[in-house]
Each structure stands twice: as C-alpha cells, then as structure tokens.
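Participant: Dropping a structure here in structure tokens format, bear with me for questions.
The values are calculated or read from the model by the stated rules, or taken from the named source; none is laboratory data. Bear in mind that the values here come from a model prediction, so they are computed numbers and not experimental data. Note: ideal-geometry Cβ built from the backbone for every residue, glycine included; neighbour counts use all protein chains shown. When the accessible area is computed, the model is the full protein with side chains, heavy atoms only, and any ligands, DNA or RNA have been set aside. Shrake-Rupley method; radii C 1.70, N 1.55, O 1.52, S 1.80 Å.
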Amino acid sequence: MFTNWKPVWLAIPATIGSVLGAWLAVGMHEKIIEYAMGVAMVIMVFFLFYKPDRWLKEMPQLLSRPLRWWQFVIFFGIGFYGGFIQVGVGYFLLMSLVLAVG
C-alpha cells in the first residue's frame with residue numbers, strides 16, 4: 001500500500017496543529033487576524049523570491065533518513081498556520097516537504 005510512511009506520520013502533528021489553530025482563530029479579534037495575515041504574506045514573499053529553485057528540486061538523500069523531532073515540529077507549525085490563517089499554506093507545505101523530508 002504505502003511504500004513510504006513519512007507523509008502519514010507527519011500528517012498527525014499537522015492535523016493536531018490545524019485543529020488548535022482553527023480553535024484559536026475562532027476566538028481571536030478580527031484586527032489580530034488581519035495583522036497575522038499581513039505578516040504571513042511578507043514571510044511568504046521572502047520565501048518565494050529567495051532561491052526558489054532550492055525548494056523545487058527533489059532531495060533523494062533525505063528520503064532514506066529517519067524522521068527527526070524537528071520535522072514533527074515544522075509540520076505542527078504548518079498545520080497550526082493552516083488552521084489559523086489558511087492563506088498560502090500550500091506554499092509552506094510544499095517547501096517543508098521538499099526541504100525537510102526530501
């Protein structure tokens with residue numbers, strides 16, 4: 001069925017983070033969310049224009065390595081961001097899948 005279980009294991013912290021991010025966003029004031037969205041857009045623009053070819057190429061040397069604790073933290077953060085703001089989460093997910101997992 002699955003030849004590589006890494007995405008399945010990384011989906012667990014991402015799901016937990018997304019639930020927590022959505023829960024936090026529901027009770028947040030509108031202005032705080034607008035400010036957070038603006039900051040996220042600035043960070044995203046930086047990552048899109050700073051060496052974009054680096055995170056568009058597969059890194060097969062990372063595929064054979066076991067998962068590390070920091071990869072779970074990254075995916076928890078991406079899930080939290082996705083649940084909280086949602087805008088542009090695909091870019092962060094793509095970047096982290098290539099840079100952190102291979």
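Participant: So which residues in the stretch 86-96 are in contact with a helix residue (DSSP H, G or I) (Cβ under 8 Å, 6 or more places away or on another chain), farther than 14 Å from residue 21 by Cβ and either open to solvent by 30 Å² or more (accessible area, probe 1.4 Å) or modelled with pLDDT of 80 or more (or both), if there are any at all?
Facilitator: 91, 94
Participant: Please find, within the stretch 28-63, the residue that is modelled with the highest pLDDT out of those that are open to solvent by 70 Å² or more (accessible area, probe 1.4 Å) and in a loop (DSSP other than H, G, I, E, B).
Facilitator: Once the filter is applied, the top-ranked residue is 29.
Participant: What are the residue pairs meeting all of these: first residue in the stretch 86-98, first residue basic (Lys, Arg), second residue surrounded by fewer than 15 Cβ atoms within 10 Å (Cβ to Cβ) and in a helix (DSSP H, G or I), Cβ atoms under 7 Å, and 6 or more apart or on different chains?
Facilitator: none
Participant: When residues of the stretch 69-85 are filtered for being buried (at least 16 other Cβ atoms within 10 Å of the Cβ), touching a residue at least 60 places away in the same chain (Cβ under 8 Å) and of a type in the set (A, V, I, L, M), how many remain?
Facilitator: 2
Participant: From the residues in the stretch 5-23 that are part of a helix (DSSP H, G or I) and modelled with pLDDT under 90, which one is surrounded by the fewest Cβ atoms within 10 Å (Cβ to Cβ)? Walk me through how you get there before you give the answer.
Facilitator: Of the residues in the stretch 5-23, the ones part of a helix (DSSP H, G or I) are 6-23.
Restricting the remaining residues to those that are modelled with pLDDT under 90 gives 6-11.
On the way: 6: 18, 7: 12, 8: 9, 9: 12, 10: 23, 11: 12.
The qualifying residue surrounded by the fewest Cβ atoms within 10 Å (Cβ to Cβ) is 8.
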